[in-house]
1. Along the positive direction of the dipole of segment A:93-162 (beta-carbon charges: Lys, Arg +1; Asp, Glu -1; about the Cα centre), which of A:Tyr120, A:Val100, A:Gly162 reaches farthest?
2. If you average over every viewing direction, what projected area does the convex hull of the Cα atoms of chain A give, in nm²?
3. Could you give the size of the charge dipole of the protein assembly as shown about its Cα centre, using +1 on the Cβ of each K and R and -1 on the Cβ of each D and E, expressed in debye and rounded to the nearest 20?
4. If you count, for every residue in A:26-34, the Cβ atoms of partner chains within 10 Å of its Cβ, what is the mean?
5. With the alpha-carbon atoms as the only input, what is the per residue convex hull volume for segment A:14-99 in Å³?
6. Expressed in whole Å with the largest first, what are the equivalent ellipsoid semi-axes of the protein assembly as shown derived from the C-alpha gyration tensor as the square root of 5 times each eigenvalue?
7. Can you tell me the equivalent ellipsoid semi-axes for segment B:117-197? Use √(5λ) from the Cα gyration tensor, largest first, whole Å.
8. One-quarter of the Cα convex hull surface for segment A:48-202, in nm²?
Amino acid sequence: MTEYNFAYLDEQTKRMIRRAILKGLTIPGYQVPFASREMPMPYGWGTGGVQVSAAVLTPKDTFKVIDQGADDTTNAVSIRTFFQRTAGVATTTATSDATVIQTRHRIPEEPLHEGQILVYQVPIPEPLRFLEPRESETRKMHSLEEYGLMHVKLYEDISRHGHIATSYAYPVKVEGRYVMDPSPIPKFDNPKLGDMAAIQLFGAGREQRIYALPPYTQVVSLDFEDHPFEASKADHPCGMCGATDSYLDELIIDDLGGRMFVCSDTDYCEARQAAGHKGKDAA
Amino acid sequence: MQANTLSGGFADPATQSAHAFRSVMEAMARPGAIQDIHGAAPPAPLSPAMGAVLLTLCDTETPIYLAGDMDCEAARAWLAFHTGAPFVGPAQCMFAVGKWDALAPLSVYPIGTSEYPDRSATLIVECSELAASGATLTGPGIKDQATLSLPEVDAFQDNRTLFPLGLDFIFTCGERLAALPRSTEVSRSSSEAIAQVGAS
């Protein structure tokens, strides 16, 4: 604990990140450039989220980390331990007990409340990047609100597949102004982005961008009148807890094509099982 | 050098600035919500809240403009020692510090560019009072609506029309603060509010 400054980063770096977070909150959905630091973990392991978490954590916080909804995967465990060691914060796996939740690619099933902060790890913050590789051009497109290309992409989905095939990192428009990449969350989670009581912060370490959604912000998933946005999930109940309203992972369980569906949110699933709910595959 | 120039900073910078930042962030994320902020004891005319905000956000990379009464030897020496921030005119500043009347006109501050709207000034306004009454606020961060004792209404309405460009405001009073980002719609709530604003 004493080997590091509180929450690992030096104070000047934290001030720089904090200023970027504030500007992000004042311009919802706009990607604020920041001088991302090297962290003691590789890019792609959540260095953006870790830097944002380091800038917002206080010693009184209770910290939770999820990776695809799970508290017990390598990435989640290592980041949770990292802040346990460098910031001395309490940690939890219970969504409702956490004050700061760092997430990779999911929004918890349980609705978040005021006073909570959700920190997303973002690989590619620019929603237009796969359509236009030049930063100078995408920046101009954002400034001119020129988002036609994104609609063309969704239209091409429809013409090729008969429906919008984009199933994760589904683009949203924030407060009628900026088109934003919600990070690779399944589109099932998109409706939770808007009107959320918690503060949502997005950190992209390699791409050096921070953006934010204040609470109760209007977030609309892009769609067409005749092809409205649909928050889809596997059409099964959870095999362990029987939940029908949660996002599911498909697991292959043998060599004979056997499979089961379970909640991707481990805390939600465990809490339901503890409350006596039982799915068809539960032991 | 005065003794009070050297004192009054954060005794434990890492944790105190972390707590102070959370107050500032909650305020900016929930326009109109009044937050407590502690830890700084700057010399007059800087309030404790103003001091804490500046200690939390400013360093050698953030030019500060001191407006009116705030541009005094005590404030300059304290900020120079504790933050190292350079002092500049309003057109070059990232943070402007002062009472509302001294900060006018708002047209001189950087409002960002269409490609980089974040390159805009944040005005930290020292207020004689801060209360959850007066002008009505709506927009991102606000559930239905909020109210805040703003020094006036027109300037903030004009600022909103610049969105996504524009200025962001932090209001400090004693050990409390509130904020008004550029995204907030401001309207007069009642004739009483106008009278109150006119009198302050």
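1. Most positive-ward Cα: A:Gly162.
2. Its average projected convex-hull area is 16.4 nm².
3. 580 debye
4. 6
5. Numbers: hull volume 10.0 nm³, N = 86.
Once divided by residue count, the hull of segment A:14-99 is 116 Å³.
6. On the way: eigenvalues 328, 135, 85 Å².
Equivalent ellipsoid of the protein assembly as shown: 41, 26, 21 Å, largest first.
7. Numbers: eigenvalues 73, 48, 26 Å².
Each semi-axis is √(5λ); the values are 19, 16, 11 Å.
8. Values: hull surface 40.2 nm².
Mean projected area of the Cα convex hull: 10.1 nm².
The values are calculated or read from the model by the stated rules, or taken from the named source; none is laboratory data. Since the model is a prediction, treat every value here as computed from it, not as a measurement. Every residue, glycine as well, gets a Cβ built from its backbone with ideal geometry; the counts of neighbours run over all protein chains shown. Surface areas here come from the heavy atoms of the whole protein model, side chains and all, with no ligands, DNA or RNA. Shrake-Rupley method; radii C 1.70, N 1.55, O 1.52, S 1.80 Å.
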